[in-house]
1. Sort largest first and round to whole Å: the equivalent ellipsoid semi-axes of segment 2-253, each the square root of five times a Cα gyration tensor eigenvalue.
2. What percent of all Cα-Cα pairs in segment 36-168 falls in each 10 Å bin, counting up from 0?
3. Do the sum for the chain: with -39,500 (n - 2.57) for every DSSP H run of n ≥ 4, divided by all residues, what is the mean residue ellipticity at 222 nm, to the nearest 500 deg cm²/dmol?
4. Restricting to DSSP loop positions (anything but H, G, I, E, B) with no more than 11 other Cβ atoms inside 10 Å of their own Cβ, which trypsin sites (Lys or Arg not before Pro) remain in segment 179-250?
5. Only Lys, Arg, Asp and Glu count, each charged at its Cβ (+1, +1, -1, -1), so figure out the dipole size of the chain about its Cα centre, rounded to 20 debye.
6. Convex hull over the Cα atoms of segment 137-222, averaged projected area in nm²?
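All of the numbers you see were taken from the coordinates with simple rules; none came from a lab. Since we're looking at a predicted model, the values are computed, not measured. All Cβ positions, glycine included, derive from the backbone under ideal geometry; neighbour counts span all protein chains shown.
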Amino acid sequence: MLGLLAALAAAAGEPAPVLRRWPAPEANQGVAADRRHVYAVGNNAIGKYDKATGARVGGWTGDRALFPHINSCSAVGARLYCAASNYPAVPMASSVEVFDARRMAHVATHPLPPVPGSLTWVAPRAGGGWWAGFANYDGRGGAPGRDHRSTFLARLDDRFLPVASWLLPDAVLARMAPYSLSGGVPAGDGTFRVSGHDRPELYVLRLPAAGTRLEHVATVAIATGGQAIGTDPTDPCLLWSIERRARELVLSRVCTPGDRPR
């Protein structure tokens, strides 16, 4: 009940409470977390930080020609699965780049087939496969004939091939315009937390009982301005986000419909 009340208060305009802030120069695109570390994600760099102290304990930097735009990462076991694209180049092209999180080394790449959008986040799906967000934009980085309204969530198989997709609710798309979906995480009970490019808020979406458009469950105010997000594996109500201008990793207490606090 306390978690739901906190979510409702945030939706009314009060940002979710911030528990921690760590400086991280790589914090330009997003953040991911495992049980001991938090990872700051930049276009072609990832910093590894101790969650208890904020100390930088490792990192990786890649060739910008090969890694022009890493959007976000998900920590899965001892690996990071990162959504990458060629933004703002067109035609759009995307890949999943895999890193050994212990050694902070690039170990695999999975180029995606042509898809009508730019991959911005990817996360494991319970039961197998993956969830993923594909962005479309107005203007810079957009493809002819498409704009932010073409943004969608997809279910991918184990080989990262799309097998199903859903459009976002119109009300959420209007809040993201002229940009698009920057981050997302599964939140349980068929819901997702997603974030846009710059507004300090999360959107809780749910798979529909029928049809091709996600349901808008709630909007929750947070203290940081958009970009990719990550759930802390120790508690689904702990959310990592970034403050892009300050280059900070930010931990907040955010309980949303579908969460199961521990």
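1. Details: eigenvalues 113, 105, 57 Å².
Gyration-tensor ellipsoid for segment 2-253: 24, 23, 17 Å.
2. Result, from short to long distances: 12, 42, 32, 12, 1 percent.
3. On the way: 2 runs with 17 residues, N = 262.
So the helix-based figure for the chain works out to -2000 deg cm²/dmol.
4. Numbers: sites: ARG193, ARG206, ARG213, ARG244, ARG245, ARG247; in loops: ARG244, ARG245, ARG247.
Hits after loop and neighbour filter: ARG245.
5. On the way: 28 positive and 21 negative charges, 78 e Å.
Dipole size: approximately 380 debye.
6. Taking a quarter of the hull surface, the average projection is 6.3 nm².
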